[in-house]
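Only the coordinates and a few stated rules stand behind these numbers; no lab work does. Worth saying up front: this structure is predicted, and the values here are computed from it rather than measured. A quick note on method: Cβ atoms are made from the backbone with ideal geometry, for glycine too, and the neighbour counts reach across all protein chains shown.
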Amino acid sequence: MITKELMNAKPLSGKERLGAFRNSEYMGAEDFEPDSSPVLTIKALYNAKITLARGKEQHDVIVFEEETVPGCINQVRPLVVNATNRKTLRKLFKGVTAEQLVGKKIQLYLQHNVRDPSSGDMVDGIRIRQTAPSSKAEAPIICSDCGKPVKAFGQFSADVISKNAVKKYGVSLCVECGQKRKEMEQAAKNEQVEQTEQNETTQNESEE
Ligand SMILES: [Zn+2]
């Protein structure tokens, strides 16, 4: 069945998803498209009494220049800054004054299974990446094994993942292909060990 109210509403279609149209005025985990890591420019800082689901509270808030980030966030709302993210900002920019932060770019991601201090529930927390996005972040880094763009993973930016692969294998690799190379390397090593063992056995036999 369908209710009267729903009859007058339009069902979601195509790529529209649950959670994307929520009514909160501040940024929440549900605003993020799956596995997205939006890069945003800090426009202004506030410390103000704001209305959250649990009532009015005094908070630090960041407002961004971007209104939308295609593929990452449909509507960019102000971010309420918690202690973890304040610490990351301090580390990234050597301070958290308006002078030091306004105009800077940061990259956000979701950390899964963090404890919400007010409810005790396990939720997705919005985090700031520990590495500042490079200004050439628009040009994707291509994985030399599969040819797809290298994606950020957890707290690691695409840039860090690529640099680590270059250090280890001499080429840029995505997380998946890096893992495959590692497994191949391990398999090759195991084979070598087996072969050495075999050689030793043959030697021992010929000595007898
Ligand atoms: Zn790859």
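Rounded to whole Hz and in sequence order, give me ³J(HN,Hα) for region 2-7 from the Karplus expression 6.51 cos²θ - 1.76 cosθ + 1.60, θ = phi - 60°, writing x for Gly and Pro.
9, 8, 4, 4, 5, 4
Using the Karplus curve 6.51 cos²θ - 1.76 cosθ + 1.60 with θ = phi - 60°, work out ³J(HN,Hα) for each residue of region 156-162 in order, rounded to whole Hz, and write x for Gly and Pro.
8, 6, 4, 4, 5, 4, 5
Residues in region 1-34, backbone N under 13 Å from the label point at residue 48 (7 Å along the Cα-to-beta-carbon vector): list them, ranges by number please.
25-26
From the square roots a ≥ b ≥ c of the eigenvalues of the alpha-carbon gyration tensor of region 46-110, which class results: rounded (a/c under 1.5), prolate (a/b over b/c), or oblate?
The shape class here is oblate.
How big is the gap, in Å, between the Cα center of region 70-87 and the Cα center of region 1-48?
Using only Cα atoms, the two centres lie 13 Å from each other.
Taking H placed 1.01 Å from N in the peptide plane, check which residues at least 5 places from residue 142 or on another chain put their amide H under 5 Å from its amide H.
Correct list: 150.
Report the trypsin sites (Lys or Arg not before Pro) located in region 114-174 that are in a DSSP loop and have at most 14 other Cβ atoms inside 10 Å of their Cβ, or state none.
Here the trypsin sites (Lys or Arg not before Pro) that fit, given the DSSP loop and packing criteria, are 136.
Any of 56/91; 43/104; 91/168; 43/105; 151/180 with alpha carbons more than 19 Å apart? Name them for me.
In this structure, 56/91; 91/168 lie more than 19 Å apart at Cα.
When the Karplus curve 6.51 cos²θ - 1.76 cosθ + 1.60 is applied with θ = phi - 60°, which whole-Hz ³J(HN,Hα) does each residue of region 69-80 get, with x for Gly and Pro?
10, x, x, 10, 9, 5, 10, 7, 9, x, 9, 6
Taking 7 Å along the Cα-to-C-beta vector as the label spot, tell me the residue 196-residue 1 distance in nanometres, rounded to one decimal.
7.4 nm
Hey, what does the equivalent ellipsoid look like for region 1-71, semi-axes from the Cα gyration tensor as sqrt of 5 times each eigenvalue, largest first, whole Å?
In descending order, the three semi-axes are 29, 19, 10 Å.
What nm value, rounded to one decimal, do you get for the distance between residue 90 and residue 23 when each label is placed 7 Å out toward the C-beta?
Result for the modelled spin labels: 3.8 nm.
Tell me the trypsin sites (Lys or Arg not before Pro) within region 1-85 that lie in a loop according to DSSP and have at most 12 other beta-carbon atoms within 10 Å.
Loop-located and lightly packed - 15, 17, 22, 54.
Given H placed on each backbone N at 1.01 Å, which residues far from residue 44 in sequence or on other chains put an amide H within less than 5 Å of it?
HN-HN under 5 Å from residue 44: 63.
Under 18 Å between alpha carbons, and skipping anything fewer than 8 positions from residue 94 in its own chain: which aspartates and glutamates qualify?
Answer for residue 94, where 18 Å is the Cα cut-off: 60, listed by chain and number.
With axes computed from alpha carbons, what is the tilt in degrees of helix 175-207 against the longest principal axis of the chain, rounded to the nearest 10 within 0 to 90?
The angle comes out at about 20 degrees.
What's the extension gain from residue 168 to residue 83 if we count 0.36 nm per residue and subtract their Cα-Cα distance?
27.1 nm
Explain nothing, just the number: dipole magnitude of the chain about its Cα centre with +1 on each Lys and Arg Cβ and -1 on each Asp and Glu Cβ, in debye rounded to the nearest 20.
With only Lys, Arg, Asp and Glu charged at Cβ, the dipole is about 1540 debye.
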